[in-house]
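The values are calculated or read from the model by the stated rules, or taken from the named source; none is laboratory data. Since the model is a prediction, treat every value here as computed from it, not as a measurement. Cβ atoms come from the backbone with ideal geometry, glycine included; neighbour counts cover every protein chain shown.
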Amino acid sequence: MLDYARSPVSAPRPCAGRPPKDDLSTWTVTDDWPDRVPVTSVEVDVFEAWFGDVFDELFGPCQ
């Protein structure tokens, strides 16, 4: 029943250390979001509460 816990003796053990870096040239980025993403007023309030200082630096203070 618990055979999945034991690996076969002949199976290679995984290498220790960091995994190899990904080749980013083979990645594909797909943008399938709609032109307008619906956002509720509560979501806007949360972003303004947490990121208001950053928004003020980027876009200037609210008027």
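Out of curiosity, is PRO61 out of contact with any Leu (no Cβ under 9 Å at 6 or more places or on another chain), of a type outside the set (Gly, Ala, Ser) and at pLDDT below 90? Answer is yes for this residue. Look at the stretch 25-51: where a residue is within 22 Å of CYS62 (Cα to Cα) and a partner is in a helix (DSSP H, G or I), sitting 6+ places away or on another chain with Cβ atoms under 9 Å, you get VAL39/PHE47; PHE47/PHE55; GLU48/PHE55.
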